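Okay, so here's the structure we're looking at.
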Amino acid sequence: MSARVREVLEEFSAGVEPYSIDEMFVRFDGFDTATTQALARTLYRNVRQFTGIPVCVGVAPTRTLALSVEHQTWLKAQSSLFPDLCK
């Protein structure tokens, strides 16, 4: 499954860097903010469409910040799905 996700990501950038079995970084160097956000949204939709896997996408200038953004997005989604568990 990780290979399938990577194939989808590589359609967007040659700079795909695996971080762990379920996390990868995709480089979008040289794009302005609006273009990067649009690419991230399309990447999100394509991974879901072609693999059936729900994903989180964090966009930031560094890997550490991207992981933090992704984690905060995941926590927000969990609190919406399970509000009683996130108090």
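Candidates are the residues of the stretch 12-54 that are exposed (fewer than 14 other Cβ atoms within 10 Å of the Cβ) and acidic (Asp, Glu); the one that is modelled with the lowest pLDDT is 22. Looking only at residues of the stretch 55-74 that are β-branched (Val, Ile, Thr) and either out of contact with any Cys (no Cβ under 8 Å at 6 or more places or on another chain) or in contact (Cβ under 8 Å) with a residue 24 or more places away in the chain (or both), we find that the one that is surrounded by the most Cβ atoms within 10 Å (Cβ to Cβ) is 55.
Checking each residue in the stretch 48-66 for being within 9 Å of the chain's Cα centre (by Cα) and either in a helix (DSSP H, G or I) or under 12 Å from residue 23 (Cβ atoms) (or both) picks out 55, 56, 57, 58, 66. Residue count for the stretch 17-42 satisfying the condition of being in a strand (DSSP E or B) and of a type outside the set (Gly, Ala, Ser): 7.
The values are calculated or read from the model by the stated rules, or taken from the named source; none is laboratory data. Quantities reported herein were computed from a predicted structural model and do not represent experimental measurements. FYI the Cβ positions are ideal-geometry reconstructions off the backbone, even for glycines, and counts take in every protein chain you see.
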